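The structure appears below as structure tokens.
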Amino acid sequence: MEKSELLYEGKGKKMWSVKGNDELLIAEFKDDLTAFNAEKKGNEEGKGALNNQISTAIFKLLKENGIETALVESISPTEQLVKKCSIIPLEVVVRNIATGSLSKRLGIKEATVLPFTLVEFYYKDDALGDPLINDEHAILLDIVQSEQDLATLRHLGRQINSVLQPFFASKGLKLVDFKVEFGIDKDGNILLADEISPDSCRFWDVDTGEKMDKDRFRQDLGSVKVAYEEVLRRILS
Ligand code: UDP
């Protein structure tokens with residue numbers, strides 16, 4: 001598989017077309033780190049390769065558990081071959097424990113274990129700062145066609161959580177919250193797309209409470225790469 005044309009460069013990945021194949025793309029994971037809608041920028045050598053390995057392992061686990069994903073295979077330390085799909089411009093955030101914007105917005109005490117798994121939708125629009133939206137907004141903006149589509153996305157978010165939460169617990173990590181994105185393939189199937197990595201999840205060490213994710217970068221805690229390496233080590237152990 002040979003890279004052809006750079007189609008899109010996002011904050012964490014570059015997307016390339018594939019020579020002679022218009023059903024697949026190559027996703028190249030970058031070392032760049034951004035936070036707060038890219039107001040804070042950084043770079044951590046080797047982070048792209050770690051996220052590629054972490055996300056590949058997680059997507060494989062989800063596939064084994066019946067979740068359809070856009071991942072075909074990892075083809076180099078920093079690259080994945082993926083199915084081309086049209087990304088639904090929603091960040092589906094799934095939360096088990098309150099922190100981050102949820103605590104800030106609603107005043108829920110940091111680290112409160114939520115009585116149920118909360119699923120939220122944010123509209124992927126950098127210019128608007130990815131606002132939290134409700135179901136009617138999603139339909140009004142033509143992001144999805146029906147309430148049924150939103151119910152499907154909520155259900156998929158919960159299903160992914162029900163696989164990942166016990167998996168990470170068995171590795172000594174609390175899965176606090178995470179963000180997923182979905183795409184629609186040429187046959188109309190909804191696929192899990194993008195990535196699941198410490199850039200898009202919060203993991204707290206079960207014993208020490210230590211943050212093992214991008215909050216280390218957001219909050220200037222240091223040792224970002226060490227934490228990502230430890231997450232990968234535990235996933236593969
Ligand atoms: N998240 C993400 N990309 C975003 C916003 C959030 O991957 O653009 C993830 C984030 O890493 C966390 C979860 O979604 O695991 C919930 O994030 P939150 O809404 O609390 O946002 P933040 O506090 O990061 O602004």
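Observations on the structure shown:
- Region 197-212, subset in contact (Cβ under 8 Å) with a residue 24 or more places away in the chain and within 12 Å of the ligand (Cβ to nearest atom), residue nearest to residue 39 (Cα to Cα): 199
- Residue among 10, 46 that alone is out of contact with any strand residue (DSSP E or B) (no Cβ under 7 Å at 6 or more places or on another chain), surrounded by fewer than 18 Cβ atoms within 10 Å (Cβ to Cβ) and free of Cβ contacts under 8 Å to residues at least 24 places away in the same chain: 10
- When 185, 194, 142 are screened for being of a type outside the set (Val, Ile, Thr), more than 16 Å from the ligand (Cβ to nearest atom) and either under 26 Å from residue 225 (Cβ atoms) or out of contact with any strand residue (DSSP E or B) (no Cβ under 8 Å at 6 or more places or on another chain) (or both), only 142 passes.
- Lone unmet requirement of (1) surrounded by fewer than 15 Cβ atoms within 10 Å (Cβ to Cβ); (2) closer than 30 Å to residue 46 by Cα for residue 191: (1)
- Pairs with Cβ under 7 Å, 6+ apart, first in region 99-122 and closer than 25 Å to residue 205 by Cβ and of a type in the set (Ser, Thr, Tyr), second in a helix (DSSP H, G or I) and more than 11 Å from the ligand (Cβ to nearest atom): 117/158; 117/161
- Test: residue in region 50-71 that is surrounded by fewer than 21 Cβ atoms within 10 Å (Cβ to Cβ), among the hydrophobic types (A, V, I, L, M, F, W, C) and free of Cβ contacts under 8 Å to residues at least 60 places away in the same chain: no
- Entirely in region 7-108, the strands (runs of 3 or more DSSP E) that have 3 or more residues that are within 16 Å of the ligand (Cβ to nearest atom): 32-35, 40-43, 90-97
Where a number appears in this text, it was derived from the coordinates with a stated rule and is not lab data. For clarity, every value in this text was computed on a predicted model and none was experimentally measured. Note that we place each Cβ from the backbone using ideal geometry, even for glycine, and neighbour counts take in every protein chain shown.
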